[in-house]
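What follows is a set of notes on a single structure, which appears directly below.
The values are calculated or read from the model by the stated rules, or taken from the named source; none is laboratory data. These figures come from a predicted structure and were not determined experimentally. For neighbour counting, all protein chains shown are included, and Cβ atoms are generated from backbone atoms with ideal geometry for every residue, glycine included. The area values use the complete protein model at the heavy-atom level, side chains included, leaving out ligands, DNA and RNA. Shrake-Rupley method; radii C 1.70, N 1.55, O 1.52, S 1.80 Å.
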Amino acid sequence: MSKNKNNKPVWSTRIKKKSSNLFTKVGSSLNIDKRLYKQDIKASTVHVEMLFKKKIIPLQVKNKIVWGLKKIFNEISRKKFTFNNQAEDIHMSIEKRLFELVGEDAGFIHTARSRNDQVLVDFKLWMMEASEDIIKEINTTINLIIKIAEKNIFTIMPSFTHLKNAQPISFAHYILAYVEMLNRDRKRFINNKDQLLENPLGVAAVAGTSFDIDRQYTTNKLKFKNPTGNSIDTVSDRDFVLDFLYSISVCSNHISRFAEEFILWNSDAFDLIKLKDKVVTGSSIMPQKKNPDTLEYLRGKTGNVYGNLFSMLTILKGLPLSYFKDLQDDKELAFKSFDQIKISLQLMREILNNFIINKKKMIKLAETGYTTATDLADYIVREYKYPFRKAYLITSKIVNLAEKKGKTLNQLTINEIKFVDKKLNEDALKLLNIENSVKSKKSYGGTSFENIKKMIKKYKKHV
Ligand code: ARG
């Protein structure tokens, strides 16, 4: 904690005994929240400027404090600042140094504010920037996926439901599904800004302040939209932290699903893709191994990110209004999730830049498992005006027959299919290839090559 000139914490005037050493150590958040120094100095500077403007402090005091804060900013930026582990947090460390630099006048800085609103203003300013950072990472990832999709419009593979071969699709269509997910992730971070743009500075400890402050002034200077409306809610509220942690969790979930699919496809059993050496690791005993550890890392770390969200939810559960020490952990959780999602998005791109598509195997697998059966049923509905259920039944009989004869659907002879339904002719079989199947899915959002080209154009406009 910060000491006054008698080398005691500033709040220690009524607390006569020295605090427990153990608690002083574990209760300090300095090592975590020193990351907020820029925001802290910026908000403090605007705060004292407002105090001066409202004639709450004189010009000369304001100038001294602003000068001191600038100097501290330079010291910290140039790594010339000694962080004293006895300090409770970054706010106390800066205040203590300000006392050393400008003397007793430093004490004016805390007029009409509390650490409760100070910590929130710093944290929200940080989170605005952090959200922008994540949005940039998401955009870069989206651009890379679009590039891969453009090169693979005509790469055919099977789609899966229940991990069983379902219908032929284009690999571009598959990978563009992740563009949709990342677009939603981006929107989540954009939407979160509404809450982040409410300025907490000036609510002080819990009740507001008796000084005639101008919250609109600090709101404008710090680029918030409005001051928060209720002082009690403001110091209690950590919804914006939940939103942030949730948005990161969902994005991480998407990355994890991608990782899991690529692990499967890179397996010897699937063999649909091959990871390049840059993103695999070896085994200490089995010389032949090339393991997809990078993907497993992405999948695993998603658990940690969920953990951070759950920690925050649990901290808030049943916590009375307003500020409690419990809340101090909010920053560590947000910083950890932020650092992780940035690494995860970057690593996902490394993987996307380092894999080879096994096109032959994709086609072979797309042709396995009667993946064009639905096309045959659709054809029967269209040509013979049968209800879909009847066409479905006929098609399942044809699939049974093919299975019995060990043939694919388009290897069946006309006589064999006429045996199932007299009306059927060669056209039905001629149409049955995986390329036609993909081409035919022209409904909006479907996998047809034409649709994919249109969607790529649309995505490019929005990044
Ligand atoms: N280090 C504390 C935190 O980050 C600062 C708030 C302290 N407020 C208080 N009333 N003790 O939450």
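Among residues of segment 17-31 that are within 13 Å of the ligand (Cβ to nearest atom), those with a beta-carbon under 7 Å from a residue that is aromatic (Phe, Trp, Tyr) and open to solvent by 30 Å² or more (accessible area, probe 1.4 Å) at least six positions away or on a different chain give the pairs 30/83. Among the residues of segment 332-341, those that are over 15 Å from residue 128 (Cα atoms), surrounded by fewer than 22 Cβ atoms within 10 Å (Cβ to Cβ) and away from the ligand (no atom under 12 Å from the Cβ) comprise 336, 340.
Could we say that residue 398 is over 45 Å from the mean Cα position of the chain (by Cα), of a type outside the set (Lys, Arg), more than 26 Å from residue 170 (Cβ to Cβ) and modelled with pLDDT of 90 or more here? Spell out the reasoning first.
Details: over 45 Å from the mean Cα position of the chain (by Cα): yes; of a type outside the set (Lys, Arg): yes; more than 26 Å from residue 170 (Cβ to Cβ): no; modelled with pLDDT of 90 or more: yes.
So residue 398 does not fit the description; no.
Yes or no, residue by residue, for (1) modelled with pLDDT under 95; (2) surrounded by fewer than 20 Cβ atoms within 10 Å (Cβ to Cβ); (3) among the acidic types (Asp, Glu); (4) within 26 Å of residue 365 (Cβ to Cβ):
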site	(1), (2), (3), (4)
230	no, yes, no, no
235	no, no, no, no
241	no, no, no, no
245	no, no, no, no
269	no, yes, no, yes
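Being assigned to a helix (DSSP H, G or I) and of a type in the set (A, V, I, L, M, F, W, C) is the filter here; which residues of segment 428-463 pass it? Across segment 428-463, the qualifying residues are 428, 429, 434, 438, 449, 452, 455, 456. If you go through segment 428-452 and keep only what is open to solvent by 60 Å² or more (accessible area, probe 1.4 Å) and under 13 Å from residue 155 (Cα atoms), you end up with 435, 439. For segment 112-122, the set of residues classified as more than 8 Å from the ligand (Cβ to nearest atom) and not in a loop (DSSP other than H, G, I, E, B) consists of 117, 120, 121, 122, listed by residue number.
Only one residue in 177, 130, 106 is modelled with pLDDT of 95 or more, within 30 Å of residue 375 (Cα to Cα) and either acidic (Asp, Glu) or part of a helix (DSSP H, G or I) (or both), so which one is that?
Details: 130 fails: within 30 Å of residue 375 (Cα to Cα); 106 fails: within 30 Å of residue 375 (Cα to Cα).
The unique qualifying residue is 177.
Tallying residues that are open to solvent by 50 Å² or more (accessible area, probe 1.4 Å) and out of contact with any Phe, Trp or Tyr (no Cβ under 9 Å at 6 or more places or on another chain) within segment 247-267 yields 1. Evaluated against (1) crowded, with 17+ Cβ neighbours inside 10 Å; (2) of a type in the set (Lys, Arg); (3) within 28 Å of residue 325 (Cα to Cα), residue 64 falls short on exactly one condition, (3).
This table checks each residue for (1) under 30 Å from residue 229 (Cα atoms); (2) modelled with pLDDT under 95; (3) surrounded by fewer than 21 Cβ atoms within 10 Å (Cβ to Cβ).
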| residue | (1), (2), (3) |
| --- | --- |
| 135 | yes, no, yes |
| 146 | no, no, yes |
| 170 | no, no, no |
| 183 | no, no, yes |
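Candidates in segment 105-131 are the residues that are among the charged types (D, E, K, R) and in contact (Cβ under 8 Å) with a residue 40 or more places away in the chain; of these, the one that is surrounded by the fewest Cβ atoms within 10 Å (Cβ to Cβ) is 105.
Checked against the criteria, residue 337 does not count as under 17 Å from the mean Cα position of the chain (by Cα), within 30 Å of residue 164 (Cα to Cα) and at pLDDT 95 or above. Residue 70 fulfils the conditions (1) modelled with pLDDT under 95; (2) in a helix (DSSP H, G or I); (3) open to solvent by 40 Å² or more (accessible area, probe 1.4 Å) except for a single criterion, (1). Taking the stated definitions as given, is residue 329 of a type in the set (D, E, K, R), exposed (fewer than 15 other Cβ atoms within 10 Å of the Cβ), under 30 Å from residue 236 (Cβ atoms) and modelled with pLDDT of 95 or more? The answer is no for residue 329. Taking residues in segment 263-282 that are within 18 Å of residue 157 (Cα to Cα), and partners anywhere that are loosely packed, with under 13 Cβ neighbours inside 10 Å, the pairs with Cβ atoms closer than 9 Å and at least 6 places apart or on different chains are 264/163; 273/356; 274/356; 275/356. Scanning segment 84-96 for residues that are more than 11 Å from the ligand (Cβ to nearest atom) and either under 17 Å from residue 35 (Cβ atoms) or not in a helix (DSSP H, G or I) (or both) yields 84, 85, 86, 94.
Anything in segment 413-427 that is more than 30 Å from residue 173 (Cα to Cα) and either in a helix (DSSP H, G or I) or open to solvent by less than 90 Å² (accessible area, probe 1.4 Å) (or both)? List them, or say none. It would help to see each step written out before you state the result.
From segment 413-427, those more than 30 Å from residue 173 (Cα to Cα) are 413-426; that's our starting set.
Those that are more than 30 Å from residue 173 (Cα to Cα) and either in a helix (DSSP H, G or I) or open to solvent by less than 90 Å² (accessible area, probe 1.4 Å) (or both): 413, 414, 415, 416, 417, 418, 419, 420, 421, 424, 425, 426.
State yes or no: is residue 297 within 30 Å of residue 242 (Cα to Cα), open to solvent by 40 Å² or more (accessible area, probe 1.4 Å) and either in a helix (DSSP H, G or I) or in contact with a helix residue (DSSP H, G or I) (Cβ under 6 Å, 6 or more places away or on another chain) (or both)? Criteria met by residue 297. The number of residues in segment 190-212 that are in contact with a strand residue (DSSP E or B) (Cβ under 6 Å, 6 or more places away or on another chain) and among the polar types (S, T, N, Q) comes to 1.
You will find that of 23, 52, the residue that is within 14 Å of residue 87 (Cα to Cα), open to solvent by 60 Å² or more (accessible area, probe 1.4 Å) and part of a helix (DSSP H, G or I) is 23 and no other. For segment 309-325, the set of residues classified as within 16 Å of the ligand (Cβ to nearest atom), surrounded by 12 or more Cβ atoms within 10 Å (Cβ to Cβ) and part of a helix (DSSP H, G or I) consists of 311, 312, 315, 316, listed by residue number.
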